[in-house]
Every structure is written in C-alpha cells, then in structure tokens.
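Worksheet: the structure to be examined is printed underneath.
Only the coordinates and a few stated rules stand behind these numbers; no lab work does. These numbers come from a predicted model, not from an experiment. Virtual Cβ from ideal backbone geometry, glycine too; neighbours counted across all protein chains shown.
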Amino acid sequence: MNVLFLTLSNMENIDERGIYTDLVREFANRGINIYVVSPRERRRGLPTELIRRDKINILLVRTGNITKTSNFVEKGISTLLIQRQYLKAILKYFKDVHFDLVLYSTPPITFERIVRYFKTKHNSKTYLMLKDIFPQNAVDIGAIKEGSLIWRYFRNKEKKLYNVSDVIGCMSEANVNYLLKHNPYIENTKVEVFPNSIKPIERVYRKSKDKSLLDKYNIPENSVLFVYGGNLGKPQGIDFLLEVISSFYKVKNGYLLIVGSGTEYSRIEEHINNVKPTNVKLLAKLPKVEYDKLLTIADVGLIFLDKRFTIPNFPARLTSYMEYSLPILAATDKNTDLKDVLLNSNSGFWCESGDISSFINYANKLSSDEELRLKMGENARKYLEDNYDITKTIDIILKHIL
C-alpha cells in the first residue's frame, strides 16, 4: 500500500518528534510505503532532493519562502506556486508509484489540483487533516476583509479542497461542528475527529531539576517555571502576551520563559527590553531536542490564542506539555474546545485572552501549590495516552483504506 502525504512542515529530519513525523513513522511501522512531499524553502539555498529510508520516501521540493516570513506578498505568491511545484516534482520522482491514499493537511488550502489529479488518475482515497480553517482565521484577526476579492478567491479554494476530499479529519468536536455549520454542502458522514497526536516518550519522573539546564538558561533554581514554546505571531494574541509579561512580577516565585519565533518576536523582545522584568526571559526557537530538555525542568505549560478567533483552534503544542506531565494554563478565545479538554480532564486552567486578573490568579494557584501541579500534570499525561497517541489514532485514517 502506498500513501502520498503533502505537507508544508519541514520533514527533512524524519526522526524528529512531532505530529507529522510521528504519523509518518507509524505508517512505516504498519508496513505501509509512505511518500512525503515537503517544502525546501528558497532561503535554504538548496535544490529539490529525494531521501529514501526503508518504507519512508521524503521529497524535499524547492519552493519560495512560505513559513516564518512577514512579507505577505512573497508568502502569497509562494503559496500559489507550491501546488504546481509539488505536482511537477511528484510526477518526476514518483512517476511509477500508484497511490492508494492521498493525505494532506491545512495550511495550505491550495493542494486541490494535486489531490484531484491522483483521485482521478489513481482512484486514490483522499483524506484532509484540517489543522487550519482559512481564510476565516485571517478574517478573525483582521488580516483579510470578508467579502474582499482575496477572501473570495481563497474561500473558493477552500470549498474546492473540501469537495475533493473523501474524508475530513478535524482536530476536535468543535471543529467538526464549526465546519458543518459554516459549510452546509458538506455531508456529515465525511467529517470526523482526527486529533493532533504523537507517539509519547516514556514518562519522565523527576525527583529534582537538572541544575545544569537551570544554569544554562539562567533560571533561578527554586522558581516555578512557566514555559510557552511555539509560534510568536498574530494568532497568539501578542497584545495579551505583552500584558502577561508586564504583570508576571505578581506571580509569586514564578518565572516565565518564552521560546519561539515568528513575525512578532522582535515586538516581544522590544517590550521586554523596555519593561525589564526580572522574572521573564525570551529565547529564539530551539532545536526540538533542546526544547524537549527544557520541558523536563518546566513546571507549567502555557498556551495563548487571540481572543478574536471565531474558529475553534486547537494548538498542537498541547501534546508536548501533556507528554511531559505538565499542567496547562491557557488564555484563548471562547470558541475553542481546548478549554473543555483542560477542565474536563482536570489538567489545567483556562481563561479568556485579555483577562489578566484571572490569568495571574491561576498562575499564582499553580505557582503556590506543588501538589496541584503534580496532580494536573498526571491527568494531562493520562489524557494524552488515552486520546492523543498516534499508535492508536492512526487507525482512524487506516479504517478508510484497509
């Protein structure tokens, strides 16, 4: 059996842990040939390349710069061109392969032509992993105006992608409900929950924190470490994050570490330089291995989303925190059912983004109560093992082709 996987994620290191690399390795573990198509963005200065390892084939296609760029013109043009670039490369490097399943994720929403090609030529089953509802997410944060020419263009692309998909796997029930409510032409039977999932490492049992890591990042040894790791862009609701930075001195014994990259990184850096908080640090994005080490000394994982979102985002970083048995403090919009997961599993606290009083209150509860942190962290890890383990959830996809 052959599976074609189209993604915008960097898949060059297939051994790196993450929702897509873990998925690819699990396909291979099941004896399935997996053909991954991933971008090699122009800033890398490297050509298109095919890497083979047992049942995993990774085609790195030279493209324009799409991710981590604040140049919206460049990002837009590169996004429009990537479909043609991918299809040309697939037909060159995988010309003799018949694909039983075409698997793809959003973003982007511009893979419809590739998907339709193999659905028609190979009679492939098509499965969309819906991680991003675009262009509505851009409308929510004011990046695109609803009804505008660009909105109509991408909305049409979105509908075409939904129509060509045999199955649409959403991250949560709220995403399923949102998709069906705002796209009534989609049949209920083709939409299901396929959650963000990883292959969890063995549980990390900590008796004490690694002092060398604390020293490396200059973190006070007896502080309670709150970590945010991930994208630092407009979707995170940066205004509120800046307010948290300014107010974090109110968290007794708390230390806030922000790790990541994105279009708003320099703005956060400038704010910290101006405010000069004594218990807040900003680090540029770390390699996955280094970031994972950092989570072994963390006490609380943080999630931020812009309060204007009407779409129910469900950040994948939740799985990383749960993997390391961390309680979660989330400040998001009211529409995500992330809050329901945290509250129903008793694995963390939630407040609406913008509610600084509640955020600081919950942060103090976690900072002052080690037993509460440990209990919520244990609950988070159990919820991950029961619901977000890729060795189990992959069967949601496989049932459609086996």
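Before moving on, here are some points about what is shown:
- Over the range 211-387, the pair-distance histogram of Cα-Cα distances with 5 Å bins from zero comes to 1, 9, 19, 23, 24, 17, 7, 1, 0 percent, rounded to whole numbers.
- The fewest-to-most ranking of Val61, Val251 by surrounding Cβ atoms within 10 Å reads Val61, Val251.
- Computed as a quarter of the hull surface, the mean projected area of the alpha carbon convex hull for the range 2-194 stands at 11.1 nm².
- Relative to the longest principal axis of the Cα atoms of the chain, the long axis of helix 19-29 makes an angle of roughly 50 degrees.
- 3J(HN,Hα) along the range 383-395: 5, 4, 5, 7, 10, 10, 9, 4, 5, 9, 6, 4, 5 Hz, from the Karplus curve 6.51 cos²θ - 1.76 cosθ + 1.60 with θ = phi - 60°, whole Hz, x for Gly and Pro.
- Calculated diffusion of the range 296-379, Stokes-Einstein form, Kirkwood radius summed over Cα pairs, 4 °C and 1.567 mPa s, µm²/s: 102
- 13 Å beta-carbon shell around Ser38, net charge (K/R +1, D/E -1): -1
- In order along the range 339-348, the Karplus-derived 3J(HN,Hα) couplings, from 6.51 cos²θ - 1.76 cosθ + 1.60 at θ = phi - 60°, round to 4, 5, 4, 5, 6, 5, 8, 6, 10, x Hz, and Gly and Pro are given as x.
- When you filter the GluC sites (Glu not before Pro) in the range 193-283 for DSSP loop state and at most 15 other Cβ atoms inside 10 Å of their Cβ, you are left with Glu202, Glu221.
- Three-way shape label, the range 259-324, alpha-carbon gyration tensor, a/c 1.5: oblate
- Checking every one of the trypsin sites (Lys or Arg not before Pro) in the range 217-315 against DSSP loop status and a limit of 13 other Cβ atoms within 10 Å picks out Lys252.
- In plain terms, the residue of Ser246, Ser197 with the fewest other Cβ atoms within 10 Å comes first and the most crowded comes last, giving Ser246, Ser197.
- Stokes-Einstein, applied to the Kirkwood radius of the range 301-343 over Cα pairs at a viscosity of 0.692 mPa s and 37 °C, places its translational diffusion at 312 µm² s⁻¹.
- Lysines with Cα under 16 Å of Lys209, excluding same-chain neighbours fewer than 8 positions away: Lys293
- Within straight-line cross-link reach of Lys250, lysines at Cα separation under 20 Å, skipping those fewer than 8 residues along the same chain: Lys276, Lys281, Lys365
- Charged neighbours of Leu398, selected by a Cβ distance under 10 Å, balance to 0 (K, R count +1; D, E count -1).
- Using the Karplus relation 6.51 cos²θ - 1.76 cosθ + 1.60 with θ = phi - 60°, the per-residue 3J(HN,Hα) values for the range 207-215 come to 8, 7, 7, 5, 5, 5, 6, 4, 5 Hz, with x marking Gly and Pro.
- For the range 331-402, the set of GluC sites (Glu not before Pro) satisfying both a DSSP loop assignment and a count of at most 11 other C-beta atoms within 10 Å is empty.
- For the range 101-196, the orientation-averaged shadow of the C-alpha convex hull comes to 6.1 nm² (one quarter of the hull surface).
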